[in-house]
Amino acid sequence: MEILKTFDDFEQSALAAIRAANTSELLEAARIEYMGQKNGRIRELQKLVGQATPDLKPQVGKRFNEVRTAVSDALDQQQLAVQAQVRKAAMDFDVTLPGELPRLGKLHPITQTIAQFRELMGRFGFMVTEGPELEDEHHNFQALNIPEDHPARDPLDNFYVACATVAAGTPVLLRSQTSTVQIRTMEKTKPPVRIVSLGRVYRPDAIDATHSCMFHQMEGLMVDRHVTMAQLKTVLSLFARSFLGPDVEIRFRPSFFPFTEPSVEVDMKWGNSWMEIGGAGMVDPNVFAAVGYDPSEVSGFAFGLGIERFCMKHYGVDDIRRFYENDVRFLSQF
Ligand code: FA5
């Protein structure tokens, strides 16, 4: 009978949709589609019952009731199954599992190195001082015994800052070395002095694997009675070994700086060659005179180390430019 086939189709289609509904949202959608009070497809079946001829009505009515009961039982059963599934998922969730950690930022390797340098030199009894990055010629040159006609003053070898110069009425430059802080410290402190100063310096150097136009130096200065070159070598050797490990090889080469006499350059072994890591020497009497110290009363040593070069050796980085490329994949290793 045609009419009963419509009931069978409805039943099969409804039961399949209910079995496939594996969330409460899908199940509710199936309930509304098939059994909804207003527009559920069950309404069409109900109409068919009304339209049935009197002789067929008992049979059609009975079938309608069967289908309605089957579908609504299936809905109830599937609801229980979906609820059980939700409960099981909640039980399976392990609340003791560690959460996802947020990604933390890190200090730049140069900043970390500066902190370690300060700490190490603090243990050797050196106080940390600061000086400005914008300097006048007196502190960057004059008081460091670098006379007016010295090639180190050449505007091509320094970053003079035009607007600051106009404002100050006298030449102003980005400091080319931290030795400026020696002068500033001695100008306001009586001996004995034992300081380090760490910070940025600027030079229009050609950029390559070991040169940057902005880099960091650590200046050291010790002034007292009877300070010797032997003490200078001891402090620098101990410092290098403390930071780079006991096996690091250091050598001192005779050199020249206007503000120290005698002067040395300090190299460290890098593979099969040597890398220059700093300059040093005994403070020149002319520098003491410039800051009002009596060179017959005191002596002192000073040194200026390239912080990037130490950092390169410490972390095995073979190109200084990597520190300044802001590549987070590189920087997050440290
Ligand atoms: C000086 O700057 C002296 N003021 C050091 C000094 C201080 C001597 C106190 C005596 C007494 P020099 O120009 O050699 O010296 O630089 C010192 C160190 O800075 C170098 O050995 C090197 O390690 C580092 N350095 C120099 N130029 C660069 C650069 N362009 N990029 C990176 N590091 C550099």
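How big is the charge dipole of the chain about its Cα centre, in debye rounded to the nearest 20, if each Lys and Arg gets +1 on its Cβ and each Asp and Glu gets -1 on its Cβ?
Once rounded to the nearest 20, the dipole reads 1380 debye.
With a sphere of radius 14 Å drawn around the Cβ of VAL291, what net charge do the other residues whose Cβ falls strictly inside it have (Lys, Arg +1; Asp, Glu -1)?
-1
Report the calculated FRET efficiency for ASP149 and LEU244 (r = Cβ-Cβ distance, R0 = 30 Å), to the nearest 0.05.
Rounded to the nearest 0.05, the efficiency is 0.15.
Sequence-distant or interchain residues sharing an amide H contact under 5 Å with THR260, placed H: which?
Here the answer is ASP284, since their amide H atoms fall under 5 Å of that of THR260.
Give me the net charge of LEU174's neighbourhood, meaning all other residues with Cβ under 15 Å from the Cβ of LEU174; Lys, Arg count +1, Asp, Glu -1.
Spelling it out: positives minus negatives among the neighbours equals -3.
Quick one: what do you get for the chain if you divide its Cα Rg by 2.2 N^0.38 Å?
2.09
Which lysines have a Cα less than 17 Å from the Cα of LYS5, not counting those fewer than 8 places away in the same chain?
Hits, sequence-local ones excluded: LYS47, LYS57, LYS62.
What whole number of Å gives the distance from the Cα centroid of the range 9-58 to the Cα centroid of the range 93-165?
Each part's Cα centre sits 79 Å from the other's.
Could you calculate the FRET efficiency of ILE32 with ASN65 from 1/(1 + (r/R0)^6), where r is the beta carbon distance between them and R0 is 35 Å, rounded to 0.05?
The calculated FRET efficiency here is 0.95.
Where does the charge balance sit around VAL266 when Lys and Arg score +1, Asp and Glu -1, over other residues with C-beta under 11 Å from its C-beta?
+1
Put +1 on the Cβ of each Lys and Arg and -1 on the Cβ of each Asp and Glu in the chain; which of PHE141, PRO285, THR96 then has its Cα farthest toward the positive end of the dipole?
THR96
For the range 56-121, state which chymotrypsin sites (Phe, Trp or Tyr not before Pro) are in a DSSP loop and have at most 10 other beta carbons lying within 10 Å of their beta carbon.
When the chymotrypsin sites (Phe, Trp or Tyr not before Pro) of the range 56-121 are filtered for loop state and at most 10 Cβ neighbours within 10 Å, PHE93 remain.
When a/c reaches 1.5 or more, the comparison of a/b and b/c decides; with that in mind, is the range 2-92 rounded, prolate or oblate per its Cα gyration tensor?
Verdict is prolate for the range 2-92.
Using DSSP, restrict attention to beta bridges with both residues in the chain and report what percent are antiparallel, rounded to the nearest 5.
95
Any read-out appearing in this document is the output of simple, stated calculations on the displayed coordinates, not a laboratory observation. Here the structure is a predicted model, which means the values were calculated and not measured. Here Cβ is always computed from backbone atoms with ideal geometry, including for glycine, and neighbour counts include all displayed protein chains.
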